[in-house]
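Student: First the structure, then my questions, so here it is.
Laboratory data are not the source of any read-out in this text; all were calculated from the coordinates shown. Keep in mind that what you see is a predicted model, and the values were worked out from it rather than measured. Positions of Cβ are generated from backbone atoms using ideal geometry, with glycine treated the same way; all protein chains shown enter the neighbour counts.
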Amino acid sequence: MKNVVRYRMNYTGRVQGVGFRYKANMIANHYSLTGFVKNEYDGSVTVEVQGSEQEIYMFMKNIAQDHWIVIDNLNKEKIPVEENERSFGIQY
């Protein structure tokens, strides 16, 4: 059984209006991660993502590889795992 962790990440930069949420959803589903992505009123994007450290690393690496998305800053913190969460989605 894999060791499951959860992170809350807040991305700033050119992260809204560039397909960030759509891309995050696609990547998270590719790696079978759970959690959500949502736009914040201050122009940032928050992601809560849950899975193995390696899968989350690959998620973060893939999200940064986009010519439309420009990440100026990332705040990342480990938070408690959501035991019954089964999917990843976009929150509106």
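Student: Find all pairs meeting these conditions: Cβ atoms under 7 angstrom apart; at least six residues apart or on different chains; first residue within the range 17-39 and over 14 Å from Arg86 (Cβ atoms); second residue aromatic (Phe, Trp, Tyr) and assigned to a loop (DSSP other than H, G, I, E, B).
Tutor: From the range 17-39, the pairs are Val18/Trp68; Gly19/Trp68.
Student: Out of the range 62-84, which residues are outside any strand (DSSP E or B), in contact with a Lys or Arg (Cβ under 9 Å, 6 or more places away or on another chain), within 16 Å of Arg14 (Cβ to Cβ) and not acidic (Asp, Glu)?
Tutor: The answer is Ile63, Trp68, Ile69.
Student: Continuing with the same structure: Among the residues of the range 6-19, are any loosely packed, with under 15 Cβ neighbours inside 10 Å and part of a loop (DSSP other than H, G, I, E, B)?
Tutor: yes
Student: Here are some conditions: (1) within 23 Å of Arg86 (Cα to Cα); (2) in a strand (DSSP E or B); (3) out of contact with any Lys or Arg (no Cβ under 9 Å at 6 or more places or on another chain); (4) not charged (D, E, K, R). Phe59 meets all but one. Which one does it not meet?
Tutor: Against the list (1) within 23 Å of Arg86 (Cα to Cα); (2) in a strand (DSSP E or B); (3) out of contact with any Lys or Arg (no Cβ under 9 Å at 6 or more places or on another chain); (4) not charged (D, E, K, R), Phe59 comes up short only on (2).
Student: State which residue is surrounded by the most Cβ atoms within 10 Å (Cβ to Cβ) when the search covers only the range 29-48 and only residues that are of a type in the set (A, V, I, L, M) and not in a loop (DSSP other than H, G, I, E, B). Break it down into steps so the answer makes sense when it comes.
Tutor: Filtering the range 29-48 down to residues of a type in the set (A, V, I, L, M) leaves 33, 37, 45, 47.
Among the residues that remain, those that are also not in a loop (DSSP other than H, G, I, E, B) are: 37, 45, 47.
Values: Val37: 24, Val45: 22, Val47: 26.
It comes out as Val47.
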